[in-house]
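For reference, the structure is listed below as structure tokens.
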Amino acid sequence: MSAVASIVSSVSPSADLNAVKARQHAAWPTGNYAVVGTTLQIVGENLCEALDLRAGSRVLDVAAGNGNATLAAARRWCEVTSTDYVASLLESGRARAQAEGHDVRFQEADAEALPFADASFDAVLSTFGVMFTPDQQQAADELARACKARGQIGLANWTPESFIGQVFKTIGKYIAPPAGVMSSALWGTKARLDALFAGKASEIVAKSRHFVFRYRSPQHFMEVFRAYYGPMNKAIAALEGARQAAFID
């Protein structure tokens, strides 16, 4: 099993993972992530190309959001199962698949407790999804468990040095991150990937790629993320007065 463009993190035993997950679950449906997610479609395409997916392969998309990697795999005639724990995002992915005429299975599922038998899939994917799980070791274990012995795990995640990694850091300056949970942007480091998949993968490959955010202006980017990106929406709503204005500026 090889992991392509993957990234990982860990969690402190003192962290209240259930509380963190509950807050995340409430944040993601806020706004409309499908608007933001659709702008990232090229990432799903690039990920499937990196894995060289073949027609007929059984593919699992974990924390699939509105289905970028799901659609990319389906366009390559794979047998795709698309999962997320936010029902509204799955509905968006289902509508997109139906519009293109793809036969995709959509199923509500938690990335930390996948409802599939061991070694069920030839490839397990996630684009900017599984990296946000509170218990990242458990999530990594689940990805490996669901993947066949000679299959592939392909992840696309933001790195700590990336633009979005810096956005995470900025949010952290205004709103303290959950106690005991390490930054999701650490999924962008090879060292953590090696640690999480040690003993589970015969080969681990991590490649850095640039993604260009194409918006009308910095102000337009902020408007879109404020309105549609759940975590950003929640963060701004939690701030008041001068602190909110400073964050937006």
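Read-outs throughout are calculated quantities, based only on the coordinates presented, and are distinct from any laboratory measurement. These figures come from a predicted structure and were not determined experimentally. Cβ atoms come from the backbone with ideal geometry, glycine included; neighbour counts cover every protein chain shown.
A few remarks follow.
- Modelled this way, with points 7 Å down the Cα-to-C-beta line, the labels at residue 58 and residue 179 are 4.3 nm from one another.
- The trypsin sites (Lys or Arg not before Pro) found in the range 144-249 that occupy coil by DSSP, while having at most 13 further C-beta atoms within 10 Å, are 207, 209, 214, 216.
- Within the chain, the longest segment free of exposed loop sites, counting GluC sites (Glu not before Pro) that fall outside DSSP classes H, G, I, E and B and have at most 14 other Cβ atoms within 10 Å, spans 1-160.
- One quarter of the surface of the convex hull around the alpha-carbon atoms of the chain equals 12.6 nm², the direction-averaged projected area.
- Principal axis extents of the C-alpha atoms in the range 21-118 (largest first, rounded to whole Å): 38, 33, 24.
- Each of 25, 102, 220, 210 was scored by other Cβ atoms within 10 Å of its Cβ. Listed from fewest to most, they are 210, 220, 25, 102.
- Förster radius 25 Å - calculated FRET efficiency between residue 226 and residue 87, Cβ distance, rounded to 0.05: 0.60
- The alpha carbon convex hull volume per residue for the range 82-143 rounds to 92 Å³.
- Applying a threshold of 30 Å to the alpha-carbon distances of 200/234; 21/173; 148/207 flags 200/234 as lying beyond it.
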